[in-house]
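First up is the structure itself, then whatever we jot down about it.
The values are calculated or read from the model by the stated rules, or taken from the named source; none is laboratory data. The structure presented is a predicted model; accordingly, all values stated were derived computationally and were not measured. Don't worry about glycine lacking a Cβ; one is built from the backbone with ideal geometry, like all the others, and counts go over all protein chains shown. When the accessible area is computed, the model is the full protein with side chains, heavy atoms only, and any ligands, DNA or RNA have been set aside. Shrake-Rupley method; radii C 1.70, N 1.55, O 1.52, S 1.80 Å.
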Amino acid sequence: MASLPEQGGQVLAVFAGASLGLGAATQAALGDAATLVPRAAETAGFKGKIGSSLDILAPAGIAAPRLIVLGAAPEKEGEKVDYLRLGGLAVSKLGKAKKALILFDFAAPPEDVASAAADFALGLRLRAYKFEQFKTKQSQTDEADSPSPLDLQLAGPDKSALQAATAKIEGLADGVDIARTLVNLPPNLLYPESFAEKAKELEKLGVEVEILDVPALEALGMRALLGVGQGSARPSRVVVMRWNGGPKDAAPLAFIGKGVCFDSGGISLKPGAGMEDMKGDMAGAACVVGLMHALASRKAAANVIGAIGLVENMPGGGAQRPGDIVASMSGQTIEIINTDAEGRLVLADVLWHVQSAYKPKFMVDLATLTGAILVALGQEYAGLFSNNDELAENLTKAGTTTGEKLWRLPMGPTYDKLVDSKFADMKNTGGRHAGSISAAQFLQRFVNDTPWAHLDIAGMGMGSPTNDLNQSWGSGFGVRLLDRLVADFYEK
C-alpha cells in the first residue's frame, strides 16, 4: 500500500460506494479520519453515486491538504461500474490540485481487479490529455480550472497489480495522444512532408516505414491522389507502415487513413467561416499512426499494415478543375465533379495499392469523408459501410466495448449507380442524396474482393464533443476501437 502524502503534499482521493461504503485499505489509510466522510456527506447531500464527489478541505487526522471522496456506486442498482469512465471522472474532480494520490480501493471490489485497474488507468490518461504547446501565456482562471494534476499517482492494496495495469495501457494511451496531437496541430506545421516524418518515428518501436514521394507515386500511377494535391506548394506523400508481429506467412491486417492535411475545397472552394477546422481532415490518417504505435508498443501478435495518403487540397493555377478526368492507379477513370470530394480520390489509390501489393486479410479505411454522415448520425456514432458481414460485426462489437460506437448503413447496386459518369467510369460525387453511401460505393470500386470496411468519422475525429474521457478538439477516435478489434478477433 502506498504511503499517504506528507504535510502540504498531495491531495488524497478515495472511493465511496453504496451507503458510503469504503474499501478496507481506504479505511486503514484514513484511520479516524474515515468518520469525516459520513458527517460531511450528510451536510453536502453526497450519496456516493458515480459522477458525484465530496471535497473535504484540511481534513483532521491526515496530512493531505484535501480529501476528495469520489462516488463509485452505479447510477442504477445492478449496473456494472464503468472503470474507464470512472478514471476520467476522477481526474475531472481534482480541480486545482497539482499533485494527487488516488487509492484504487472499493467496498465492493471489481471481479477482475487487473482489468478494472487497466481501464481506470486508461481513463485517467485519456482525460488528462491537454494540447497547450502554443499557449505562451495562461490566465489564472485557466490554470485554476486545469482538469488534471501535474503529478498523479495511483495506489492500492496490490501495488504490483496496479503497476502492471498502468504499464499495460501506456502504449495505447500514447497512441490516442499521438492521434489527438496530430489532429490538433496547425496546418502550417503539419503538412504531407512533416506528417510523413512523424510517422517515420515509429521505426523506434520496430515498425517498418516506407515514405513514397511524388516520383514514386507517379511511377505507381496514383494520379487520383496526386490530382488532389497538385494545386498545393506542399508535395503529396503516401506512407506505408508495417508491423510484423504474427506468423511470417500470415496475411496482414490493413488499416488505411485519409490524410488531407488541409482541405480548402480546392477550386470548389469551401465557405470561409469555419474553414480553419479543415486542418483536422487528416483524422483518419492520425488514427492509423496512433494505432500502429499502440500495436507496436504492446508487441501485438499480428501482421499489420498501416497506410496513409497525405495531401493538401488547395486552389491555384495548377489545381484540379471540376470537369477534369483522371486515371486512378486501378486504371479506372474518374470524372471530377466537385474538387471538395477529394478524400475518396486519395483513398481510392491507397486502397488499390494495399490490396494489390500486400494481399491483406481485410482492409479498414477511416476518413472524415462526408458532412452527410453528421446529418445522419450526429456525433454519437461513426458510419460503418462494409462488403463483409463478419468484419462489420467484429468492428461493431469492438466499438461497443470501447465506447467508440459504429452504426452500419446500407450499400447496394441502386446506390452504386449514383456514381456512374457519362464521360468516365465513375464520378467523384453522387449528388446530395445518400451522400455518405454513394461515397462508400465509390470506394468499394477499388477493393476488388478483399473484405473491406469504411468508417466515416467526420462527426467523431475532429470538433468532437467533450465528455468524461476527452476534453480535446481532436479526439483520437478509432485508436482504441481498432486496437480492440485486433486484440479480440485477430491476434494469434
Cα-projected label distance for ALA24 with ALA219, points at 7 Å along beta-carbon direction, nm: 6.8
Can you pull out the GluC sites (Glu not before Pro) in the stretch 324-382 that DSSP calls coil and that have at most 15 other Cβ atoms within 10 Å? GLU380
For the chain, what is the accessible area per residue in Å² when the probe is 1.4 Å? 42
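Can you give the relative contact order of the stretch 273-423 as a percent, counting alpha carbon pairs under 8 Å and 6+ residues apart? Let's see the in-between values first.
Details: 109 pairs, mean separation 27.8, N = 151.
In percent, rounded to a whole number, it is 18.
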Quick check: net charge around LEU310, other residues with Cβ under 14 Å of its Cβ, Lys/Arg +1 and Asp/Glu -1? -3
Using a cut-off of 12 Å between beta-carbons, work out the net charge of the residues near ALA60 (Lys and Arg +1, Asp and Glu -1, ALA60 not included). 0
Which of the three applies to the stretch 346-390, rounded, prolate or oblate, going by the alpha-carbon gyration tensor with a ≥ b ≥ c and a/c under 1.5 meaning rounded? oblate
Once both labels are modelled 7 Å past Cα along the beta-carbon direction, what's the GLU203-LYS397 spacing in nm? 3.8
Mean Cα-pair separation over length for the chain, i.e. relative contact order, pairs under 8 Å, 6 or more apart, %: 15
Distance (nanometres) between label positions extended 7 Å along Cα→Cβ at ALA60 and THR466: 3.7
Carbon plus sulfur, as percent of the 1.4 Å-probe accessible area of the chain, comes to 50
Multiply the residue gap between ASN448 and LYS248 by 0.36 nm, knock off their C-alpha separation, and tell me the result in nm, one decimal place. 69.6 nm
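For PHE134 and MET275 in the same chain, what is the full-extension length gain: residue separation times 0.36 nm, less their Cα-Cα distance, in nm?
So the chain would gain 48.8 nm between PHE134 and MET275.
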Counting only pairs 8 or more places apart or on different chains, how many lysine pairs in the stretch 249-394 have C-alpha atoms closer than 26 Å? 8
Please compute the length gained on full extension between ARG408 and ALA108, using 0.36 nm multiplied by the number of residues separating them and subtracting their Cα-Cα distance. 104.3 nm
Three-way shape label, the stretch 238-333, alpha-carbon gyration tensor, a/c 1.5: oblate
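Classify the stretch 39-169: rounded, prolate or oblate, from the alpha-carbon gyration tensor (a ≥ b ≥ c, eigenvalue square roots; a/c under 1.5 rounded; otherwise prolate if a/b is larger than b/c)?
Taking the square roots of the gyration eigenvalues as a ≥ b ≥ c, the stretch 39-169 is oblate.
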